[in-house]
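Heads up: the structure comes next, in structure tokens.
The values are calculated or read from the model by the stated rules, or taken from the named source; none is laboratory data. These numbers come from a predicted model, not from an experiment. Glycine also receives a Cβ, built like all others from the backbone with ideal geometry; neighbour counts cover every protein chain displayed.
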Ligand SMILES: [Zn+2]
């Protein structure tokens, strides 16, 4: 049985808990999104939800009396001991499609969200590494990639779209390395595939400013989106503090929260983030948050498109609610993301 069919069956027996007030202590569910695609878009690397699915999620949350808040607001309510159950919505990386598609839906629904901006890439108009890789694989005229990485010699066929999707999945783990080495590897791949630089699809500052004007929260997501635990303490400090300062300089508001790129962090990262004056940080670990949880390791739950679509391919309220409750967390193991 497929994972989707199994989840569908399990959801039939699931008793919704997301609305329960959680006793006197309160509970905060944080949803993790990235991109918001136009209906029908078919990118090689799909990292996010389509606009219709996001609209359906917001409508469902509204009906449940859980119109989303920002993480800063939800965390404040938890810490101040307000009893209740809240959902906060987050978007990582700072894509322009967030401003163009998510913001109007949020404004129409009365909801709020937190947008974690990759400040250095936005400033220099550079594509994140996974977009560069996807761009090279999508636009190359070569039908084979031969590439040696470490001891491994790869020969990845690129004749069809599905072969290119498989190649992408095979290559992504090879780029989870220190940024200097990652850039070297990316340049090698792009050179072999004879493809130029990928366009930057992150929001320019003047577009990101619309988020602030609309009452959304902007948070930090480092300067260049490295895996923080691979960096020296000095490099980590520069990535964290540098992104907070750059956002404040460009948008006039100082972020109080941060999302770890790829969820990656270690004990030193926690010390650095805390010392930087931030109030909280979010991970990619699934789970709900309680008032006495550690502020720099808040949990978030993915609510992906596939997770919300039933066997018919239509949005399923029942599945979405079961996902919000984390009914399938154990089936998936530890969640990772960018
Ligand atoms: Zn990210």
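Before moving on, here are some points about what is shown:
- Residue in region 160-172 that is farther than 17 Å from residue 135 by Cα and surrounded by fewer than 19 Cβ atoms within 10 Å (Cβ to Cβ) present: no
- Taking strands (runs of 3 or more DSSP E) as the structural unit, those lying wholly within region 85-172 and holding at least 2 residues that are within 18 Å of residue 33 (Cβ to Cβ) correspond to 85-93, 114-117.
- Of note, residue 45 satisfies the criterion of being modelled with pLDDT under 95 and within 16 Å of the ligand (Cβ to nearest atom).
- Flag if residue 28 is modelled with pLDDT of 90 or more, in a strand (DSSP E or B), crowded, with 17+ Cβ neighbours inside 10 Å and in contact with a strand residue (DSSP E or B) (Cβ under 7 Å, 6 or more places away or on another chain): yes
- Residues that are in a loop (DSSP other than H, G, I, E, B) and within 13 Å of the ligand (Cβ to nearest atom), drawn from region 32-42: 34
- Candidates 113, 127, 134 - the one that is buried (at least 24 other Cβ atoms within 10 Å of the Cβ) and modelled with pLDDT of 95 or more: 113
- Here residue 114 fulfils each of the conditions (1) away from the ligand (no atom under 16 Å from the Cβ); (2) in the same structural domain as residue 303 (by TED's automatic domain parsing) apart from (1).
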